[in-house]
1. Note the full-extension length gain between LYS65 and ASN13 as 0.36 nm times their separation in residues minus their Cα-Cα distance, in nm to one decimal.
2. With a 10 Å radius around each residue's Cβ, average the other Cβ atoms per peptide and rank 46-53, 17-24, 4-11, highest first.
3. So between PHE104 and LEU87, what do we pick up on full extension, going 0.36 nm a residue minus the alpha carbon distance?
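No lab work stands behind these numbers, since they all come straight from the coordinates. The model shown is predicted, which means the values in this text are computed figures rather than measured ones. Here Cβ is always computed from backbone atoms with ideal geometry, including for glycine, and neighbour counts include all displayed protein chains.
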Amino acid sequence: MLLQLHELLTYLNQRGVLTFLVLAQHGLVGHMQSPIDLTYLADAVLLLRFFEAFGELRRAISAIKKRTGAHEPSIREYRIDRGGIRLGEPLRNFSGVLTGVPSFVGQASELLQNRK
């Protein structure tokens, strides 16, 4: 299957088609796993992750791979509301966000200020 997928993506790329691959991972919070690793086929990989902080379910986004050029290495919280998708400041007050169970290393007042 991986060989067929590689051939299909190569063909589409040669035809100028932009292809998005979406891979659902098992595990909502905490350890995640995928039934298959497709990252080697992708030019860019974004990781969308739920995490728990202060009794709330929150969302984080990070660019973990970009084949050409530089990318921002920070992990940011994002929110989806009536105004669309909103990216927050980098989550510098947390450690382990991508595990789904982060440790808070900052001050609570800073966190509340950044949510507004």
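1. Numbers: separation 52, 0.36 × 52 = 18.72 nm, distance 1.85 nm.
Fully extending the segment from LYS65 to ASN13 adds 16.9 nm.
2. Details: 46-53: 15.8, 17-24: 8.8, 4-11: 11.8.
Result, highest mean Cβ count within 10 Å first: 46-53, 4-11, 17-24.
3. 4.2 nm
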